[in-house]
Amino acid sequence: MSFNFKRYIRFAYVAIFKGGNIEHRLSPKRIGWIVFFYTVFPLLELVHRIFFLMDNIVYRGYRQAEIEAPIFIIGNPRSGTTFFHRLLAEDEHNFTWMRMWEILFAPSITQRKIVDLVTRLDRRIGGPLHALVAARQKRWQEQNVMHKIALQAPEEDEYLLLHIWSTIMVWLYSGFLGEMDDWVEFDTAMPEGEKRRVMDFYVKCLKRHLHAHGAEGKHYLAKNPCFSPKVDALYEYFPDAKIVYLVRSPLKMIPSYISILNFEWDILGDPVGERSGYPNILDMADHWYTYPLARLDEAPAGSHVILRFDDMVSDPDRAVRQIYEGFDLTVTPTFAETLRQETIRSQRYQSRHRYSLDETGLTREEIVSRFWPVFERFGFDTAEVPSARDVPGEAADAPSKSTEMRESRP
């Protein structure tokens, strides 16, 4: 569970002296984030380490937890992974998964037990703490139309790796794109020792989750676009893993993702001048199309399903049943009704996330030429020009109504 101090120090150097691919003013906001990462963040991680140690004393049985046939949803960002993850998470008969608050604020079993106790006490006195958190969460969601975030909703557990400073997110969202090459090509570029350290920590986190929820016997469900270059690592550490790869037309995926990255870069700093990181994003997307597809093509039958984004959002019911049939899972009557309702909702959904290809400085011809094998294999329309509004595509990144509204225990 060693923290990557070398990369942590490197981040400070790049943030202060180099600026990365996205040039930022050293504004009060930028300085504030740097101060946070080197004052508050270390204290939070020290607390997590204390609770991890407590787990090893009080809940040491978690080490024997069996992670049986976990399901990983991967694919390039903005390819429907969030929507599909949250839809499958409605099936509590088959699956268990992590919520945002568990991933960021309570990765240990002991912390989750404490949160559970506080939640019960809050309910007894009328729920003032719950109301406060809900109000702040609503304000954030109103400002962010691209990707709805809720503390109780399923979220990508790649964020667990923030606790050991070993995730591409650190460099990607900061705009330090030249620092993330080994993360972009994890299986083939990451040193073996570092790879083991990352995956060992991730496995322990999953075992803690199963033990904390008494969920052994259920399939652990995760969605992580950042796991797209980790196909071999997933099969190595989870030999019976099932992988769902979602693929979306590059003409939609690329501008949508650049749009959300611009949003993230503006949050973490004050960019100035032309943003020179787009070639890095194209390289990343290219590898995350070609590498996982090549590896899955060689994987045993029954260990994976490749699903087109358009097929998934147009008929979620049919897409889910295809997955269940491929992985020998049963659709319960309750979940069947959820699928029916979600299919109706998805077909009616209209996103508020606006973007255009022009904003990226790229042309349709450039994208088609760069990603031609993807267009050819999946029959994507090469004449398509992304509209300013994703319809119904951004349903893929909206929480399902039942997930958003349901009260779930910590």
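The values are calculated or read from the model by the stated rules, or taken from the named source; none is laboratory data. Computed from a predicted model, the values in this text were never measured in an experiment. Heads up, the Cβs are rebuilt from the backbone with ideal geometry, glycines too, and the neighbour counts pull from every protein chain shown.
Yes or no: Y235 surrounded by 18 or more Cβ atoms within 10 Å (Cβ to Cβ) and under 20 Å from I67 (Cα atoms)? Judged against the criteria, Y235 is a match. Candidates R345, R377, R321: the one that is part of a helix (DSSP H, G or I), among the basic types (K, R) and at pLDDT below 95 is R345. I need every pair where a residue in the range 364-376 that is more than 14 Å from Y289 (Cα to Cα) and without any contact (Cβ under 8 Å) to a residue 12 or more places away in the chain has its Cβ under 9 Å from the Cβ of a residue that is among the hydrophobic types (A, V, I, L, M, F, W, C) and surrounded by 15 or more Cβ atoms within 10 Å (Cβ to Cβ), sequence separation at least 6 or different chains. From residues that are more than 14 Å from Y289 (Cα to Cα) and without any contact (Cβ under 8 Å) to a residue 12 or more places away in the chain, the pairs are E366/L282. The lone criterion from (1) modelled with pLDDT of 95 or more; (2) under 27 Å from R99 (Cβ atoms) left unmet by D266 is number (1).
Here K401 fulfils each of the conditions (1) closer than 30 Å to H130 by Cα; (2) basic (K, R); (3) at pLDDT 95 or above apart from (3).
Any residue in the range 158-171 that is of a type in the set (V, I, T), part of a helix (DSSP H, G or I), touching a His at 6+ places or on another chain (Cβ under 9 Å) and farther than 16 Å from F72 by Cα? No, the conditions are met nowhere in the range 158-171.
Let's see how each residue does on (1) under 29 Å from H48 (Cβ atoms); (2) buried (at least 21 other Cβ atoms within 10 Å of the Cβ); (3) not acidic (D, E):
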position	(1), (2), (3)
C226	yes, yes, yes
K230	yes, yes, yes
D240	no, no, no
V247	no, yes, yes
P250	no, yes, yes
S256	no, yes, yes
N262	no, no, yes
W265	yes, yes, yes
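Within the range 324-340, the residues that satisfy the criterion of being outside any loop (DSSP other than H, G, I, E, B) and buried (at least 16 other Cβ atoms within 10 Å of the Cβ) are Y324, G326, F327, F335, T338, L339. If you filter the range 184-218 down to residues that are touching a residue at least 40 places away in the same chain (Cβ under 8 Å), under 21 Å from the mean Cα position of the chain (by Cα) and outside any helix (DSSP H, G or I), you find that the one that is surrounded by the fewest Cβ atoms within 10 Å (Cβ to Cβ) is E185. Report whether or not I67 is in a loop (DSSP other than H, G, I, E, B), touching a Leu at 6+ places or on another chain (Cβ under 7 Å) and of a type in the set (V, I, T). Yes. The residues of the range 71-101 that are among the hydroxyl-bearing types (S, T, Y), within 11 Å of the chain's Cα centre (by Cα) and closer than 22 Å to G302 by Cβ amount to a single one, T81. When D232 is tested against (1) touching a Ser or Thr at 6+ places or on another chain (Cβ under 9 Å); (2) outside any helix (DSSP H, G or I), just one condition goes unmet, and that condition is (2).
Scanning the range 73-95 finds no residues that are in a helix (DSSP H, G or I), more than 30 Å from P250 (Cα to Cα), hydrophobic (A, V, I, L, M, F, W, C) and out of contact with any Pro (no Cβ under 7 Å at 6 or more places or on another chain). Looking across N56, N94, N76, one residue alone is among the polar types (S, T, N, Q) and over 30 Å from F11 (Cβ atoms). It is N94. Within the range 37-63, if we keep just the residues that are in contact (Cβ under 8 Å) with a residue 60 or more places away in the chain and not small (G, A, S), the residue that is surrounded by the most Cβ atoms within 10 Å (Cβ to Cβ) turns out to be D55.
None of P292, P271 is closer than 30 Å to L177 by Cα, surrounded by 14 or more Cβ atoms within 10 Å (Cβ to Cβ) and over 24 Å from the mean Cα position of the chain (by Cα) except P271.
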